[in-house]
């Protein structure tokens with residue numbers, strides 16, 4: 001799949017990342033390996049409605065069209081002429097190394113907290129337990145706010161401020177609120193965050209820690225979204241709800257750009273991705289299309305995309321199984337994986353389109369076993385696995401058992417956040433020892449956290 005051809009390119013300026021302490025020009029004239037370009041250029045041409053293809057101007061504040069999200073389109077022919085894989089590989093290991101495929105025009109508009117390239121970790125023990133020869137986890141927990149949300153917010157807040165936004169608001173059930181609060185603080189924007197009352201404590205705390213005006217709502221994330229929608233008219237804030245502005249996708253797609261580079265531009269057989277709002281899955285599929293269009297991929301074979309949800313909230317799974325393009329909200333959505341509790345994703349059709357085009361599936365892990373799968377992944381590999389990724393591990397186990405994923409397939413799971421942000425969900429009783437009268441038999445009998453070892 002190749003996106004429609006785009007038009008002309010637009011000029012921008014050189015980049016000086018604060019966290020590298022030296023001037024680095026990140027895009028422009030064609031580079032030799034190890035060199036940086038001399039002429040800065042950005043390649044955004046226009047925005048495009050995802051539902052009907054209507055073309056909208058870039059460089060103006062846009063939200064949605066006909067109630068549906070927008071794509072950012074680039075002059076990919078110009079990108080192909082301006083950049084080389086070899087040059088990009090030599091750049092500092094940050095999200096901004098892919099600047100030719102990002103929308104921010106001016107360096108002074110970049111809002112960064114140091115978005116590192118996240119590790120792609122070989123997981124042989126977990127692979128053995130699941131019946132695979134090779135399993136890798138792309139671990140997003142080292143990002144500045146402890147989750148993949150840093151990617152989307154870095155780019156989206158940069159664009160919002162550059163387009164004159166002063167006040168932002170977001171509904172959130174997990175990591176997005178804290179990430180927007182952090183990047184708003186960095187950008188000097190006023191931020192409002194609305195969360196269901198059972199949002200994890202760490203997410204509630206970080207929003208206020210970063211200076212946002214945070215509120216708990218007696219309802220679901222959809223009820224929080226209704227407040228943000230009404231407040232946009234009443235209080236004049238910009239609605240940062242998932243996919244209600246076009247640039248979070250652009251930040252999230254860097255997961256796909258990084259993955260492609262890390263595997264030598266030859267994509268894996270399957271990607272298992274925790275899917276709530278689905279921006280990351282949508283963004284990665286877009287990234288693969290753009291990489292193919294500029295000739296950077298070594299193979300025409302793309303991964304099967306698996307949208308992983310919980311049986312307690314599985315609107316994408318239900319729509320996929322019923323052959324529908326649009327999802328219906330479940331009556332009582334509930335899951336310990338707070339990031340998956342999105343009853344009606346705005347980009348439902350974009351998620352389902354990508355999954356179907358890839359030959360993948362939407363799968364639901366059994367809700368009551370999500371924490372068990374989370375602990376399995378963490379105990380096997382020492383990674384800070386979040387419950388949303390636990391759902392991916394459970395979905396992958398079922399897919400292997402059913403024969404849909406073969407032992408020889410190379411599989412990548414995305415760990416979208418740090419386990420520490422889910423203290424309530426991962427809490428377990430720890431036996432108390434009397435140091436004056438140590439019961440060594442109790443210690444010897446202690447069951448391991450996981451049988452995976």
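Read-outs throughout are calculated quantities, based only on the coordinates presented, and are distinct from any laboratory measurement. Quantities reported herein were computed from a predicted structural model and do not represent experimental measurements. For neighbour counting, all protein chains shown are included, and Cβ atoms are generated from backbone atoms with ideal geometry for every residue, glycine included.
Using the beta-carbon distance between residue 446 and residue 344 and R0 = 51 Å, what value does 1/(1 + (r/R0)^6) give for FRET efficiency, to the nearest 0.05?
Approximately 0.70, to the nearest 0.05.
Per q in 0.12, 0.14, 0.26 Å⁻¹, report the Debye log10 I(q)/I(0) for segment 63-147, using one uniform scatterer on each alpha carbon and no solvent.
-0.62, -0.79, -1.23
In Å, what Kirkwood hydrodynamic radius results for segment 143-246 from the alpha-carbon pair distances?
13.1 Å
Run through every distinct alpha carbon pair of the chain and return the Kirkwood hydrodynamic radius in angstroms, one decimal place. Show your work: numbers first, answer last.
Values: mean 1/r = 0.0447 Å⁻¹.
Over the chain, the inverse of the mean reciprocal pair distance is 22.4 Å.
Is the shape of segment 90-211 rounded, prolate or oblate, going by the alpha carbon gyration tensor and its root eigenvalues a ≥ b ≥ c, with a/c under 1.5 for rounded and a/b larger than b/c for prolate? Show your work: numbers first, answer last.
Details: a/c = 2.97, a/b = 1.35, b/c = 2.20.
In terms of gyration-tensor shape, oblate.
Taking other Cβ within 10 Å of each residue's Cβ, how do 416, 63 sort, fewest first?
On the way: 416 27, 63 15.
With the sparsest Cβ surroundings first, the list reads 63, 416.
Mind pulling the angle between the C-alpha long axis of helix 279-293 and the longest principal axis of the chain? Nearest 10 degrees, somewhere in 0 to 90.
Value to nearest ten degrees: 50.
For segment 236-328, what class follows from the C-alpha gyration tensor (a ≥ b ≥ c being the square roots of its eigenvalues): rounded when a/c is under 1.5, otherwise prolate if a/b is larger than b/c, else oblate?
oblate
If R0 is 56 Å, what FRET efficiency do you get for residue 190 and residue 407 from their C-beta distance, rounded to 0.05?
Numbers: r = 53 Å, r/R0 = 0.94.
Once rounded, the FRET efficiency stands at 0.60.
Taking other Cβ within 10 Å of each residue's Cβ, how do 166, 252 sort, fewest first?
Arranged by neighbour count, lowest to highest, 166, 252 become 166, 252.
So, R0 is 51 Å and r is the distance between the beta-carbons of residue 300 and residue 166; what FRET efficiency does that work out to, to 0.05?
In this case the efficiency is close to 0.65.
Measuring from label point to label point, each 7 Å out along Cα→Cβ, what is the residue 372 to residue 56 span in nm?
4.5 nm
Residues of segment 373-392 with backbone nitrogen within less than 18 Å of a virtual label 7 Å along the Cα-to-Cβ line of residue 122, please, listed as ranges.
What the label zone holds, given the 18 Å backbone N cut-off, is 380-383.
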